[in-house]
Amino acid sequence: MSDEGYADVYQRALTDPEGFWAEAAEDIHWDRRWDRVLDDSRPPFYRWFAGGALNTCYNALDVHVEQGNGARPALIYDSPVTGSAKVFTYAELRDAVATFAGALRNCGVGAGDRVIVYMPMVPEAVVAILACARLGAVHSVVFGGFAANELATRIDDALPKVIVSASCGIEVNRVIEYKPLLDEAVRLARHKPAACLVLQRPQARAAMTPGRDVDWNEAVAAAGPVPCVSVAATDPLYILYTSGTTGQPKGIVRDNGGHAVALKWSMKNIYDVDAGEVYWAASDVGWVVGHSYIVYAPLLKGCTTVLYEGKPVGTPDPGAFWRVIGQHGVSVLFTAPTAFRAIKKEDPGGEHVKKYDLNRFRTLFLAGERCDPDTLVWAQEMLGVPVIDHWWQTETGWPIASNCMGIEPLPVKPGSPARAVPGYDVRVLDDQGNDLPAGEMGSITVKLPMPPGCLPTLWNNEEAYRKAYLEQYPGHYVTSDGGYCDEDGYLWIMGRIDDVINVAGHRLSTGAMEEVLAAHPAVAECAVLGVADALKGQSPLGLIVVKAGVEVTEQQLVPELVALMREKIGPVADFKQALVVKRLPKTRSGKILRGTVRSMADGTPYKAPATIDDPAILDEIGEDLGRLGYPKA
Ligand code: COA
Ligand code: AMP
């Protein structure tokens, strides 16, 4: 733990951000030192470590080998769905990455080129990601649960030279073929990649397209290792698309320098982990948690990271997490509350916990969605370790608020992710942009500049970045979360105030879902809202108005809409329920009363606005919701 308390460290980062982050940056290997720690010459756009040069892959792998730690385990692949496990040392992982970087280079990939990675949770996904970083190429990982259409949208925005994929993923015991989705996405996209590198997994062999597709093993066999390419600190390391309020996802850009500095700093100061310890983020490389805390941060720190291809339950039982922790000596686990709700549902008494030796396990971190106090308290009781809720977003790449366990553990208040992390000046504002007093709900913002590691812009779209995040409250970044700060400075994050919902820790856009539903020929009008779900936090519910003159029943239409959503967005949308209604509930000015219907479904008190267009429609929807078993509270 640090000699300074949380309040001192927070204050130091606030009053002297340049000194604070320059000190943290000493922990990174630079090919060239920066000219300016914080380039603030073009507000509201800020850049960290301008003029500096480094390679992120070098800092994640080579540096550890060169310091004599090549034999230390870097990555443990644990795959209950295939019944296999494999350990890569730092030297082995560096060599695999260097050679795959050679394979990418043989396909014409160089610094600045984009590479899409559409892969399941296999070590080759990590190898592909780090190989891009090694070359100074920009990776864009697309989560495997997205459909071809979503992949195509990302191909057309990122314009990748190469796509790296695999023949299949495995969902508990179902083999999900990835290659047909990849082929369809390339067919749908206007931009065509020069090559697709495909890992053939034994569970399904993919048909290859001659002239375009290259077998991973053959590409590696023909390649030689390549060294790290030095890039500017401000050059992009990756693009990660995340859901916004429309069907067009936002391409979050991460730079190299600020990212490496912030992530390495976070490992000790937030997670209290040291080099050589085993750190496990049970997420997916397709999400930001996977980017930051499966791949980059643990490796930058010299930890051993765990890549787990399985689920919290069903692979094979609700003891899966405890088995992994015990078997691999995990010190810190990071996952989403929904995983714990799934485990609790199947093993409420924690019988499976008792079967494993968890003596090395120190702390559980939860994020990705609001953590309900019941889940937090249950996890604390079952595991007997501190359970730390922390809050962040794809945009920031690392926590905005957390109990910083490596600085000074603060008392836990279940339901709050504790206080702002040093570097983040969090403000709760009213509609006019005034700071709100403790206890009052408002829009949660971060006063600019944000600390290193946060998005500098959106891919190829600075204007959209400005509009979406910086325009509403000049001088502040808008998180789109609502909540308040209490008397002790603890933040309470109550939920999104835009059209984004959070299903099983996955961020989804109701706007994108509405676009899919509206494209069905029978649909005149629709709305999608996130209603409370005991397991997944939220689940999407559609309200559908059928076009006049179209003869279709709800029983006929809803399965078609469910299938359409799987086809267009993917199974991850988890869209399974919809109601056919006569009219959408609206105000007289045409605003859909999503919040009112959500409250009705959730069984929370609500009051229909005085400006409602047709009060009777809410009674009808109330009855319809009853048919689906709502309210479920
Ligand atoms: N490739 C293909 N399909 C995928 C996929 C992938 N990588 N990931 C999920 N899917 C599919 C699932 O199979 C499921 O399909 P189905 O509707 O045919 O059953 C659908 O997408 C929804 O997946 P999910 O929301 O994960 O639900 P689930 O019922 O399979 O599992 C949990 C529920 C709680 C066990 C699971 O969500 C989980 O482990 N969550 C942990 C939290 C997490 O990883 N969060 C990420 C951010 S930290
Ligand atoms: P994502 O970009 O997918 O990581 O999703 C970010 C969103 O998840 C945030 O804007 C919040 O709405 C929600 N979220 C993440 N962590 C927390 C948390 N600890 N408490 C409440 N909400 C959270």
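The radius of gyration of the Cα set in the chain, together with its Dmax, comes out at 24.0, 75 angstrom. Placing a pseudo-label 7 Å from each Cα along the Cα-to-Cβ vector at Asn217 and Phe45 gives an inter-label distance of 4.7 nm. Note on Leu618 and Asp486: with the Förster distance fixed at 41 Å, the Cβ-Cβ geometry gives a FRET efficiency of about 0.75. Answer with one residue from Leu584, Leu541, Gly595: the one whose Cα lies farthest towards the positive end of the charge dipole of the range 540-633, charges on Cβ with Lys, Arg +1 and Asp, Glu -1. Of the listed residues, the answer is Gly595. Here the simple spin-label model places points 7 Å from the Cα toward Cβ, and for Thr82 and Leu535 these points are separated by 2.6 nm.
Estimated purely from DSSP H runs of n ≥ 4, each contributing -39500 (n - 2.57), the mean residue ellipticity at 222 nm for the chain is -8000 deg cm²/dmol once divided by its residues. Listed cross-link partners Lys301/Lys354; Lys547/Lys582; Lys536/Lys576; Lys179/Lys568; Lys345/Lys607 are compared with a 21 Å cut-off, the Cα-Cα value being larger for Lys301/Lys354; Lys345/Lys607. Here the peptides 125-135, 165-175, 53-63 are ranked by packing, the mean other Cβ count within 10 Å, and the order with the highest first is 125-135, 53-63, 165-175. Stretching Met494 away from Gln555 to a fully extended chain increases their span by 18.5 nm, per 0.36 nm per residue minus the current alpha-carbon distance. Relative contact order for the chain: 12 percent, from Cα pairs under 8 Å spaced at least 6 residues apart, divided by residue count. Rounded to the nearest 0.05, the FRET efficiency derived from the C-beta distance between Lys467 and Ala71 at R0 = 45 Å is 0.35. Around the amide H of Gly495, modelled in the peptide plane, lie the amide H atoms of Gly482, all under 5 Å away and 5 or more residues distant in sequence or on another chain. In order along the range 459-472, the Karplus-derived 3J(HN,Hα) couplings, from 6.51 cos²θ - 1.76 cosθ + 1.60 at θ = phi - 60°, round to 4, 6, 8, 4, 5, 5, 4, 4, 5, 6, 10, 10, 7, 4 Hz, and Gly and Pro are given as x. What the phi angles of the range 86-102 give under the Karplus curve with 6.51, -1.76 and 1.60, with θ = phi - 60°, is a coupling list of 7, 10, 10, 6, 4, 5, 5, 5, 4, 5, 4, 5, 4, 6, 5, 4, x Hz, glycine and proline written as x. Each principal axis of the Cα cloud of the range 344-409 was evaluated for its coordinate range; sorted largest first, these ranges are 38, 26, 17 Å. Note on the chain: with charges restricted to the Cβ of Lys and Arg (+1) and Asp and Glu (-1), its dipole about the Cα centre is near 1200 debye. With the simple model of a label 7 Å out from the Cα in the direction of the Cβ, Lys576 to Asp31 spans 5.0 nm. Counting 0.36 nm for each residue step from Thr15 to Arg190 and taking away their Cα separation leaves a gain of 58.1 nm. Relative to the current alpha-carbon distance between Val385 and Lys354, full extension at 0.36 nm per residue lengthens the span by 9.7 nm.
Protection proxy ranking for 440-449, 395-404, 537-546, using the average of other Cβ atoms within 10 Å per residue and placing the highest first: 395-404, 537-546, 440-449. Divided by 2.2 N^0.38 Å, where N counts the residues, the Cα radius of gyration of the range 500-627 comes to 1.01. Using a cutoff of 8 angstrom between alpha carbon atoms and counting only pairs six or more residues apart, the relative contact order for the range 500-627 works out to 21 percent.
All of the numbers you see were taken from the coordinates with simple rules; none came from a lab. Just so we're clear, the structure is a prediction, and the values are computed from it rather than from any experiment. Virtual Cβ from ideal backbone geometry, glycine too; neighbours counted across all protein chains shown.
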